[in-house]
Amino acid sequence: VAPRAQRLNAAGYPFMHAPVFMGPPQALSGQGTMLASGPRDLFDRLDPQLAKLASKRQYLGERVDAAAIYKLMGNLMILATVGGLADMFALAESNGLSRADAYKLFEFYSPQGQIDGRGKRMAHGEYEAAWTADMALKDATLMLGSVDGRQLPVVDAVARELRATIGSGDAALDLAAIVKKR
């Protein structure tokens, strides 16, 4: 995005990157979220037209590639969530529960708390243990061992990160400490 913006600006064409979080139904009705980054004055001029395309617009600042980065981060969360759900359903089915039964978990448990609590602490480099890396690895190992040969790619990847965290001497820190090695 940044090189494209530079080329277009050099040729006299203003550039604003504006990716969206919406599917076809939302696009047809002008709903959804549009991210935008680039010159503020350009965003202000374009916003009335952008409002016809997306009911929510989030301006992310002058850095022209910021919207592209935020879009990729959002899509990463979609991939991680869907992968986690697939692992959860595989664990459930391997242990005699249907996917519908497994989904009932969300009637009394919300993973949003992980983002609001643990995610915020990770963003600030705080790793005080609520669930230690070694205890999380114990549970990941139990999960991997309880699926009758099925794959749990998300759990397996996190378990590898936990092993590395533990191997570097951080076993007593919160499992969020996996972010330290990146």
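No value in this document is a laboratory result; all are computed from the given coordinates. Here the structure is a predicted model, which means the values were calculated and not measured. Here the Cβ positions follow ideal geometry from the backbone for every residue, glycine too, while neighbour counts run over all protein chains shown.
The residue list Ala36, Ala5, Ala27 contains one member that is hydrophobic (A, V, I, L, M, F, W, C), farther than 19 Å from Glu62 by Cβ and either part of a helix (DSSP H, G or I) or in contact with a strand residue (DSSP E or B) (Cβ under 9 Å, 6 or more places away or on another chain) (or both), which is Ala27. Set side by side, the residues Ala90, Ala86, Ala2, Ala67 differ, and just one is more than 30 Å from Val154 (Cβ to Cβ) and either surrounded by 17 or more Cβ atoms within 10 Å (Cβ to Cβ) or of a type in the set (A, V, I, L, M, F, W, C) (or both), which is Ala2.
For Gly30, state whether it is surrounded by fewer than 17 Cβ atoms within 10 Å (Cβ to Cβ) and among the small types (Gly, Ala, Ser). So Gly30 fits the description; yes.
Considering every residue within segment 54-73, establish whether at least one is part of a helix (DSSP H, G or I) and under 30 Å from Ala172 (Cα atoms). There is at least one residue in segment 54-73 that is part of a helix (DSSP H, G or I) and under 30 Å from Ala172 (Cα atoms).
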